[in-house]
Each structure stands twice: as C-alpha cells, then as structure tokens.
1. Of all residues being free of Cβ contacts under 8 Å to residues at least 40 places away in the same chain and of a type in the set (Asp, Glu) in segment 59-77, which is farthest from Arg113 (Cα to Cα)? Just the residue, please.
2. Give segment 80-115 a look and list any residue that's in contact with a helix residue (DSSP H, G or I) (Cβ under 6 Å, 6 or more places away or on another chain), among the β-branched types (Val, Ile, Thr) and farther than 16 Å from Gly24 by Cα, or say none.
3. Tally the residues that are exposed (fewer than 12 other Cβ atoms within 10 Å of the Cβ) and among the small types (Gly, Ala, Ser), restricting the search to segment 171-207.
4. Of everything in segment 96-136, what is at positive phi and surrounded by 16 or more Cβ atoms within 10 Å (Cβ to Cβ)? Give them in sequence order.
5. Lys273 - would you say it is out of contact with any Lys or Arg (no Cβ under 8 Å at 6 or more places or on another chain), of a type in the set (D, E, K, R), touching a residue at least 40 places away in the same chain (Cβ under 8 Å) and under 30 Å from Val26 (Cβ atoms)?
6. Going through segment 78-132 one residue at a time, which ones are of a type outside the set (Asp, Glu), free of Cβ contacts under 8 Å to residues at least 12 places away in the same chain and assigned to a helix (DSSP H, G or I)?
7. Would you mention how many residues in segment 48-58 are under 17 Å from Arg113 (Cα atoms) and assigned to a loop (DSSP other than H, G, I, E, B)?
8. Using the structure shown, decide if Leu163 is under 24 Å from Leu241 (Cα atoms) and surrounded by fewer than 16 Cβ atoms within 10 Å (Cβ to Cβ).
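The values are calculated or read from the model by the stated rules, or taken from the named source; none is laboratory data. This structure is a prediction, so every number in the text was calculated from the model and none was measured. Methodologically, a virtual Cβ is constructed for each residue, glycine included, from the backbone with ideal geometry; neighbour enumeration extends over all protein chains shown.
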Amino acid sequence: MRHIITPPLQLNCDIALLGDTHLGTVFCNELAIAGAIDWIASKPNRYFCFMGDAIEAIVPDDKRFQADAVSEPFPERQAKYVVKMFWPIRKKGLVWLLGNHEERLKHIANYARYIADGLGIPYGTWAAKVLVRGKHRSYFKMFLKHSIRSSLTSMAKDYDQRLANMKATLKMQLREHAGDCMLMAVGHAHRILVADPIRKMVMMSDEEHKQLQQQYLVPHEWGEEYIDHDLRWYGVTGSFLKQYVEGLDGYAERAGYDPLEIGYLVAEVRGGKLRNLRPVVL
C-alpha cells in the first residue's frame, strides 16, 4: 500500500474512479474508454484515479489465453498503448493502481508501474490511501484497492436482496482497512455498485437534559478521527470489458456470467466535501 497526497484540487471538482480497461483484447470497449477520457478532459476540475487491470496481460502459456480474442498479443505494447490513450489527461491522474492481470506478469515486469511512470501519475501499488486536499486545507481521505478477497455475488432470488447482500459484503471486506476514510472503493469485479452512507438517528438531550430530541449522525469531513463504517461511501468501480463480441465466445460467456454494466464512478466534491458517489453507465 502507498499513501498518496493529491495536488491542490478545486473546492468543487469531480474525481472519476475507473479501471479494468483490459486493453489488448477485442472484448475491450475502447469507444467507452475514449468517452470517459473525453469527459475528464473537458473541464479543468475533473480528475481520475485508475483502479488497476489496465491491460489484458494474458500471454500464450496462460490457460486463459484465447488466440482469436487478442487485439495486441504483447503486454509491453499493450502498456504503451495505454500510455498513449491516457496521455491527454495525464496531469489529471491522482493515483494508478496495480491489477491482478498486470500482477500475473510480475516475474517479467511491473506493467502498472511502467504505465504510471510513463504518464507521470503516482503509482499506488495494489491499494492506496489517498488524501484529497485543496489549496488551503485537506478535504477527505479515500481508500482505493484493486480487489477484495470475497466474490461480489449473491444467490438471493430477489434482485433488491441481491444488491443488498453485495453491498453488505463490500462494506464488510473494506471497513477495517482504514477507519478515517470517507470513501472506500475497489475495482476488479466488473460491476458498478454504490453503498451510500446510512442515515442513522440517535436520541440526544438538550443542554439542560430535560428534552430528548432526535438527531442524525454525520461523518467527519476531515481529521484523524474514526468515521463510523456506516457513514462512509463504498463503491465498485465498473469496467470497460464487453460481455459479447459477434462471432466469438469469450471467457465470461463460457463461464455463464451475467452481463454487467460498462462504466465507472464519479466522486462529486462540493465545497471541499464529498457529497455524492455517482454511477456513470456507458
């Protein structure tokens, strides 16, 4: 893990949390990636954090290798292509994480670090704790990680219950890793998922202890204080990998995975405070 401090950001800004682009396979939706890059580039107060798995990084001796699904077979060329693609927004990158696809080739090279260094973006390893700050003060902290150990799936028959189960798993797997982070997010699952802070009511008495009043817990926006795990934002940051390509049977199709949304998340910062974690579906 690395601790990252951002350059001074505007009081009102947006931070895109995106990753799992898997450049190098024909299942990669490059048009959607280009759209996300254009959105980030279009305004000066938009930034991004990359969540890992930038490249497919599957070579012929890997059991997952599929010759007819490869658009670029060499991982180094895949990495160079990522640098070229993200070059226009390189100065807006806050952190670049390592994913399991790049990690699989760690005996050859650290392609995630290669990409981060090529773009001049801080390399965050597998997980990073990011202090988001402005010109005159710090805003909040984020804990970003490529993946969690549990699979984000549920066999509940009701769709709402499945979502609730997955959100609970996400929170359980992340909450103990950093007690002072307003936002905790992972990539890898190729799913867009947001768990909002819970509105918790407590009963408090007035100054004279005569009248009980209902109040609602609010998280600390900044500081070393512990933030209750139910008062944080949690997210899974989507992907840019298509389920189906005409004429091919990809791994996800053969494995029977459900089609998932392509997109990413946007952390909306207003007045230096994290106000929303918004899904963007492409």
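1. Within segment 59-77, the match that is farthest from Arg113 (Cα to Cα) is Asp61.
2. Ile89
3. 1
4. Listed by number, the list holds a single entry, Thr125.
5. On the way: out of contact with any Lys or Arg (no Cβ under 8 Å at 6 or more places or on another chain): yes; of a type in the set (D, E, K, R): yes; touching a residue at least 40 places away in the same chain (Cβ under 8 Å): yes; under 30 Å from Val26 (Cβ atoms): no.
Spelling it out, it is not the case that Lys273 is out of contact with any Lys or Arg (no Cβ under 8 Å at 6 or more places or on another chain), of a type in the set (D, E, K, R), touching a residue at least 40 places away in the same chain (Cβ under 8 Å) and under 30 Å from Val26 (Cβ atoms).
6. Step one: filter segment 78-132 for residues of a type outside the set (Asp, Glu), giving 78-101, 104-116, 118-132.
Restricting the remaining residues to those that are free of Cβ contacts under 8 Å to residues at least 12 places away in the same chain gives 84, 106-107.
Within segment 78-132, Lys84 is the sole residue that qualifies.
7. Here the count works out to 6.
8. Working: under 24 Å from Leu241 (Cα atoms): yes; surrounded by fewer than 16 Cβ atoms within 10 Å (Cβ to Cβ): yes.
Against the criterion (under 24 Å from Leu241 (Cα atoms) and surrounded by fewer than 16 Cβ atoms within 10 Å (Cβ to Cβ)), Leu163 qualifies.
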